[in-house]
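Structure, as structure tokens:
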Amino acid sequence: MLMLGIETSCDETAASVVADGRRILSNVISSQVEVHARYGGVVPEVASRQHMLAMTPIYRQALQEAGVTPDDLDGVSVTAGPGLAGSLLVGVNYAKGLAMGLGLPLYGMNHLEGHMYAAWLEGGPTPEEAVGFPIVCLLVSGGHTDLVLMRGHGDYHHLGGTRDDAAGEAFDKAARVMGLGFPGGPAIQREAQGASSVEPLPRAWMRGTLEFSFSGLKTAVLHRARELGVGVGLPDGPAELDDDGLERRRALAAGFQEAAVDVLVEKTLDAARQTEARGVLIGGGVSANAALREAMRGRSHVPVLIPRPALCTDNGAMIAAAACHGVERGLQPDLAVNANPGLFF
């Protein structure tokens, strides 16, 4: 089965051709980071317009790199949600046009499910072959921080999520306070790597639950940045930092990253223990963070599955992979699929 996957849920325009849900033939991504960096975050209207400009070239490049023609495809899959409404609409309507024009089945897919299936694209044993079900999945990105128990293909149980900010959103806002730029995750990771000390910051453990909260940590960074004089992104902050200020900022970035990672790891491992899961799977843009990957692998009592960083961020291959496995379990095509920004499990 050759499946075309289209992903436009936020600010990446992506298309991919995947064979049998496991082998990537092409995976083309057009990032809008430079476009949105000047605003310090994603502007939805700008994102949707950029998708309209990029979609056809990205689709054609995906076919070219895969060495296939439209007639070789067996299906079209597209992210139906969750995501930004305007961005989703561009991808869904483009996929509809392709499916109707080529006479192919169309599958509207859950973006979060796609992040799970990124782990099926590594080329080695699949997660069910490597560890077996059930698997606790930590889905952690700019828009979501959720724990889901994957009991089998298409069989999901939501264990807990964030009560306020997603982890990725907190990374972006903390980076903005410190004047580190956008996107915040990679910027904070780079800054933290050079720290000679770690600024202590609070953790919201939400005892007795499998839920998260990052708003308090974000507020703590705001106050501590002012106290340390490193709030370059604040109205009353310095225009630039001297050497001592740079070191204080590195320590604050390291403290933020450590606090966020601690909670993400411990909550995930608590979930694995409570559900007697056979493994842990991480997906979403924040799962590309090196500190999170290292800590999860170092502390876990069960095997940890993490896609390579390029498959952690939004891409079309994960959508195609999810669709292929969906078809295997009886997923029906639907040309009437519509964008659903609030789609969940």
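The length gained on full extension between D155 and D243, counted as 0.36 nm times the residue separation minus their Cα-Cα distance, comes to 26.4 nm.
Tally Lys and Arg at +1 and Asp and Glu at -1 over the other residues with C-beta under 9 Å from the C-beta of I306: what net charge comes out?
Numbers: positive: R293, R297, R308; negative: none.
Once positives and negatives cancel, what remains is +3.
About its Cα centre, the chain has a charge dipole of approximately 320 debye under the convention of +1 per Lys or Arg Cβ and -1 per Asp or Glu Cβ, with nothing else charged.
For segment 273-280, putting each phi into the Karplus relation 6.51 cos²θ - 1.76 cosθ + 1.60 with θ = phi - 60° gives couplings of 5, 5, 9, 6, 5, 8, x, 10 Hz, in residue order, rounded to whole numbers and with x for Gly and Pro. Remark: segment 197-212, residue by residue, has Karplus-estimated 3J(HN,Hα) of 8, 10, 6, x, 9, x, 10, 9, 7, 6, 3, x, 10, 10, 10, 10 Hz, where x stands for each Gly or Pro and the curve is 6.51 cos²θ - 1.76 cosθ + 1.60 at θ = phi - 60°.
Of Y94, Y107, Y117, the residue with the greatest mean-square motion in the GNM of the chain, using alpha carbon springs below 10 Å, is Y94.
Which of rounded, prolate or oblate describes segment 84-153 when judged by the alpha-carbon gyration tensor and an a/c cut-off of 1.5?
Working: a/c = 2.96, a/b = 1.60, b/c = 1.85.
Note, shape of segment 84-153 comes out oblate.
Taking θ as phi - 60° and the Karplus parameters 6.51, -1.76 and 1.60, the scalar couplings of segment 44-52 work out to x, 5, 5, 4, 5, 5, 5, 4, 4 Hz in sequence order, x denoting glycine and proline. Using a Gaussian network model of the chain with C-alpha springs under 10 Å, which one of M109, M150, M100 is most mobile by mean-square fluctuation? Of M109, M150, M100, the most mobile in the Gaussian network model is M100.
Surface composition of the chain: carbon and sulfur make up 49 percent of the accessible area, probe 1.4 Å. Could you work out the relative contact order of segment 28-185? I mean the mean sequence separation of Cα pairs under 8 Å and 6+ apart, divided by the number of residues, in percent. So the answer I get is 18 percent. Angle of helix 290-299 to the longest C-alpha principal axis of the chain, folded into 0 to 90 degrees and rounded to 10: 90°. Annotation: per residue accessible area for segment 34-128 equals 42 Å², rounded to a whole number [probe 1.4 Å, protein chains only]. Take every Cα pair under 8 Å whose residues are at least 6 apart in sequence, average their separation, divide by the length of segment 273-345, and the relative contact order is 30 percent.
The values are calculated or read from the model by the stated rules, or taken from the named source; none is laboratory data. These numbers come from a predicted model, not from an experiment. Backbone-built Cβ (ideal geometry, glycine too); neighbour counts: all protein chains shown. These accessible areas exclude ligands, DNA and RNA; they are computed on the full protein's heavy atoms, side chains included. Shrake-Rupley method; radii C 1.70, N 1.55, O 1.52, S 1.80 Å.
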